[in-house]
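Report on the following structure.
The values are calculated or read from the model by the stated rules, or taken from the named source; none is laboratory data. The structure presented is a predicted model; accordingly, all values stated were derived computationally and were not measured. Note that we place each Cβ from the backbone using ideal geometry, even for glycine, and neighbour counts take in every protein chain shown.
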Amino acid sequence: MGGAFDYKAIGQAVDEVIIMTYEEHRAGSEPGSVASVPWVTSVLNYAIANIPLQKIYRGISIYGYDWPEQGAGRVIGYPQAIELARRHGAPWQWDATQHSTYFRYETMGGRYGRHTVYFEESRSLKDKLDLALLKSIRGVALWEMNLSYPSFWDVLQTYVKHPSRKK
């Protein structure tokens, strides 16, 4: 792993840094988790090898994407995802490799074809917060707060109150 940023130099120059651990899958990519646990683990391992733990915050997304069979995906929040799944009778599925929730649906009459939706919900968020605890980094930072949902706050409160967070 490597990239456009010199993590060692950044780690020496800053008091704190937020590592963007999302957009693994995005509008122009194939369907998948915005931040799968295996991918995030490798990003964090690289960051930890180059930046002191006490300086690292992990950026967490609370959105997903709705990918049509043809074309680019569009950002979707939890409320929109559950409404789409309900409207199309699409059951939620769990991707155990990526630690993410997804479903597939087909538009009425097939006018717009098949879609695959990956999105963040309480179970996937918990797994991603657990990873932050496991790695003992300083904390998390959130992206796209306007896409949050009520149970998101419950899961986040559990993380904030976790005994290992009392440093």
Filter the range 66-81 down to residues that are touching a His at 6+ places or on another chain (Cβ under 7 Å) and crowded, with 16+ Cβ neighbours inside 10 Å, then give me how many there are.
2
Does Leu84 satisfy being touching a residue at least 60 places away in the same chain (Cβ under 8 Å) and surrounded by 13 or more Cβ atoms within 10 Å (Cβ to Cβ)?
no
Identify all residues within the range 72-91 that are closer than 14 Å to His25 by Cα and either among the hydroxyl-bearing types (Ser, Thr, Tyr) or not in a strand (DSSP E or B) (or both); write none if there are none.
Ala72, Gly73
Across the range 48-70, what is the number of residues that are free of Cβ contacts under 8 Å to residues at least 60 places away in the same chain and not hydroxyl-bearing (Ser, Thr, Tyr)?
10
So Glu106 fits all but one of (1) acidic (Asp, Glu); (2) closer than 17 Å to Thr21 by Cα; (3) surrounded by fewer than 15 Cβ atoms within 10 Å (Cβ to Cβ); what number is the exception?
(2)
Go through (1) buried (at least 16 other Cβ atoms within 10 Å of the Cβ); (2) under 28 Å from Ala13 (Cβ atoms); (3) modelled with pLDDT of 90 or more and name the single condition Tyr46 misses.
(1)
Just checking, which of Val117, Val75 is touching a helix residue (DSSP H, G or I) at 6+ places or on another chain (Cβ under 7 Å) and of a type outside the set (Gly, Ala, Ser)?
Val117
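Of all residues being part of a helix (DSSP H, G or I) and of a type in the set (Ser, Thr, Tyr) in the range 6-63, which is nearest to the chain's Cα centre (by Cα)? Just the residue, please. Step through it out loud before you land on a result.
Restricting attention to the range 6-63, the residues satisfying the condition of being part of a helix (DSSP H, G or I) are 7-13, 37-50, 53-55.
With the extra rule that they be of a type in the set (Ser, Thr, Tyr), the set shrinks to 7, 41-42, 46.
Details: Tyr7: 21, Thr41: 12, Ser42: 14, Tyr46: 18 Å.
Here the answer is Thr41.
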Name every residue in the range 1-55 that is among the β-branched types (Val, Ile, Thr) and over 16 Å from Leu134 (Cβ atoms), in order of residue number.
Ile10, Val14, Val17, Ile18, Val34, Ile51
Could you tell me whether Ala35 is surrounded by fewer than 15 Cβ atoms within 10 Å (Cβ to Cβ), within 19 Å of Glu120 (Cα to Cα) and among the aliphatic types (A, V, I, L, M)?
no
Sole residue being among the small types (Gly, Ala, Ser), within 30 Å of Phe5 (Cα to Cα) and surrounded by fewer than 21 Cβ atoms within 10 Å (Cβ to Cβ), chosen from Ser61, Ser100, Ser136, Ser122:
Ser136
Consider only pairs whose beta carbons are under 7 Å apart and that are at least six residues apart or on different chains; among these, list those whose first residue lies in the range 142-167 and is closer than 17 Å to Ile76 by Cα and in a loop (DSSP other than H, G, I, E, B) and whose second residue is at pLDDT 75 or above and of a type in the set (Asp, Glu).
none
Please specify each residue of the range 1-38 satisfying the condition of being free of Cβ contacts under 8 Å to residues at least 24 places away in the same chain and within 18 Å of Ala96 (Cβ to Cβ).
Glu24
